[in-house]
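To keep things clear, I will list the structure first and then write my remarks on it.
The values are calculated or read from the model by the stated rules, or taken from the named source; none is laboratory data. Since this is a predicted model, take the numbers as computed values, not measurements. So basically every Cβ, Gly included, is an ideal-geometry build from the backbone, and we count neighbours across all protein chains shown. Only protein heavy atoms, including side chains, enter the accessible area calculation; ligands, DNA and RNA are left aside. Shrake-Rupley method; radii C 1.70, N 1.55, O 1.52, S 1.80 Å.
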Amino acid sequence: MNKSSGTSAVSTTSKITRKVSVAIIGAGTAGQNAFQQASKIHDDIVIINDGFWTTTCIAVGCMPSKLLIAAADRAHEANHSAEFGIHATVKIDGKQVMQRVRDERSHFASYIKEQVNSWPDHKKIAGRARINEQGLIEVNNKIIEASKIIVATGSSPSIPDGWADKLGDTMLTSDSVFELTDLPKSMAVIGAGAIGLELAQAFTRLGVDVTVFNRAKRVAGLKDDDINNKAIDCLSHELTMHLGSKINDVGSQANADGKRSSAFIDYEDSAGESQQWQGEYVLVATGRRNNIKQLGVENLGVELDEKDRPKNLSKKTGQIGDLEVYIVGDANANLPLLHVASDEGYSAGSMVCENEKAAYIRPPATPFSIVFCSPQIVNVGMSLPDIQQDSNLEYVIGSVSFDNQGRSRVMGVNCGLLHIYGCKKTDKILGASMVGPDAEYIGHILATAITNDLSVKDMLDTPFYHPTILEGLRTALRDVQYKMEIPYQSHDTQQDSF
């Protein structure tokens, strides 16, 4: 692909060995969806991949983490049922826990591998691609010219400079932690985002001595202060967290037995006092960075900002300006979530179909994220700061506490808070933020309401079965309605009808 015109303008030093209509670089969720959709129209297509041919979700993300959480939840419920009159002593087999994580991960991966194996061999290349100065793809001593290029190279854990050398084999990331063959005795988790919280709580529930460090006094990236404070309160019942701490140095040192190393962290706590943590492993969960810097996309005319995010990116299609270049999934550093990567890959694969019958561009999804800690954390639609920055929006906040909500208390999971942001002018839901039980289901209901432009009245006209945790959603909606001063029904924000 020529970066300026889309026509062939090749240096004499680059001998083209293959020409294709579409080249996809990366075979994760976004890349695979793009390949399948583009293949409906184009036969001269190639997908290039370096590493495993499954997905980040299956290999090192969503699925192994949920497998670990499932084991942790079983242990937690057995160990914390005394209030129900159930007394038990649990024995945790760490080797069996980690083996099941890997076995089930392999089971899920087998379906993806079967799909990839069904693709024609001449359309797949295993190798690391690089885009040269002529805008051509170099891989395995081949030079490929593509009319359209879809970049879906995913992301990798972000590790502070020097930490890998200092920590050595005591450092873990979300890419390596599931390769542990047994549960460690102790672990520090750096970062209180989604990955950090989920893994920290899971390992804690499985008997590991876990300490969480985070520079900000926030968890899960929450932007609503009340929800953030409530989340910290709920999670602190289980987790040891040093929020607002500053890490000055990390390292490892040989133990007395000379066979193993232990890790240490020198840090300042939130009061500015110097402290040190020592333990077996340090799990670095400080986010992920897109795998794009070494690819050479600048040779296609793509500009990156200081954080390696592509400029002029269409969030609807992944296209970069008017170039025949599409950057999708985690590679564009937009929203690193599987369902977003899936939709972006599908849309990019449709875009290169040149408006043929098979092409379909999915509209941008309602922003929606879930953290699968306990209680769960959910954000849907617009965030509170975004709403507050829009001077044209007159909004109200409907609220409900789950601390005394009927079914939540019955189940012994009564800790949480839900805020729904409603628009007074339209009676529509702008967004919501929540920490609490069944948040994943409440989040899906709210996402459906926002996507389908349902009003608060529409929501309250639907049935809410008693006794369910979802009755808390009704309470919050009633609070929104009351604050909007809409004469639909009397204000009643009682938790449930007991």
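Does the range 161-182 contain any residue that is open to solvent by 20 Å² or more (accessible area, probe 1.4 Å), within 28 Å of Lys307 (Cα to Cα) and in contact with a Phe, Trp or Tyr (Cβ under 7 Å, 6 or more places away or on another chain)? The answer is yes; a qualifying residue exists. Annotation: of all residues in the range 194-209 being part of a loop (DSSP other than H, G, I, E, B) and out of contact with any strand residue (DSSP E or B) (no Cβ under 8 Å at 6 or more places or on another chain), the one that is least open to solvent (accessible area, probe 1.4 Å) is Leu206. Scanning the range 424-483 for residues that are acidic (Asp, Glu) and under 23 Å from Ile370 (Cα atoms), we see that the one that is surrounded by the fewest Cβ atoms within 10 Å (Cβ to Cβ) is Asp453. Does Cys353 meet the test of being part of a loop (DSSP other than H, G, I, E, B), over 18 Å from Gly431 (Cα atoms), open to solvent by less than 10 Å² (accessible area, probe 1.4 Å) and modelled with pLDDT of 80 or more? No; evaluated as a whole, the condition is false for this residue.
When the range 216-231 is examined, which residues are found to be touching a residue at least 12 places away in the same chain (Cβ under 8 Å) and over 19 Å from Pro367 (Cα atoms)?
Step one: filter the range 216-231 for residues touching a residue at least 12 places away in the same chain (Cβ under 8 Å), giving 216-224, 226-227, 230-231.
Correct list: Ala216, Lys217, Arg218, Asp226, Lys230, Ala231.
Reported count of residues in the range 33-49, each being over 23 Å from Lys293 (Cβ atoms), of a type in the set (S, T, N, Q) and open to solvent by 10 Å² or more (accessible area, probe 1.4 Å), is 3. The set of residues from the range 372-385 being open to solvent by 40 Å² or more (accessible area, probe 1.4 Å) and either in contact with a strand residue (DSSP E or B) (Cβ under 8 Å, 6 or more places away or on another chain) or modelled with pLDDT under 95 (or both) comprises Asn379, Met382. Residues in the range 290-317 that are on the phi > 0 side of the Ramachandran plot and without any contact (Cβ under 8 Å) to a residue 60 or more places away in the chain were compared, and the one that is most open to solvent (accessible area, probe 1.4 Å) is Asn312. The strands (runs of 3 or more DSSP E) falling completely within the range 90-169 that include 2 or more residues that are modelled with pLDDT of 95 or more and of a type in the set (A, V, I, L, M, F, W, C) map to 124-126, 137-139, 142-151.
If we scan the range 228-238, do we find a residue that is surrounded by fewer than 22 Cβ atoms within 10 Å (Cβ to Cβ) and in a strand (DSSP E or B)? Scanning the range 228-238, I find no residue that is surrounded by fewer than 22 Cβ atoms within 10 Å (Cβ to Cβ) and in a strand (DSSP E or B), so the answer is no. Among the residues of the range 71-101, those identified as surrounded by 15 or more Cβ atoms within 10 Å (Cβ to Cβ) and over 20 Å from Arg409 (Cα atoms) are Ala71, Ala72, Ala75, Ile92, Gly94, Val97, Met98, Arg100, Val101. Any idea which of Leu180, Leu197, Leu235 is farther than 12 Å from Leu283 by Cβ and at pLDDT 95 or above? Residue meeting the stated conditions: Leu235.
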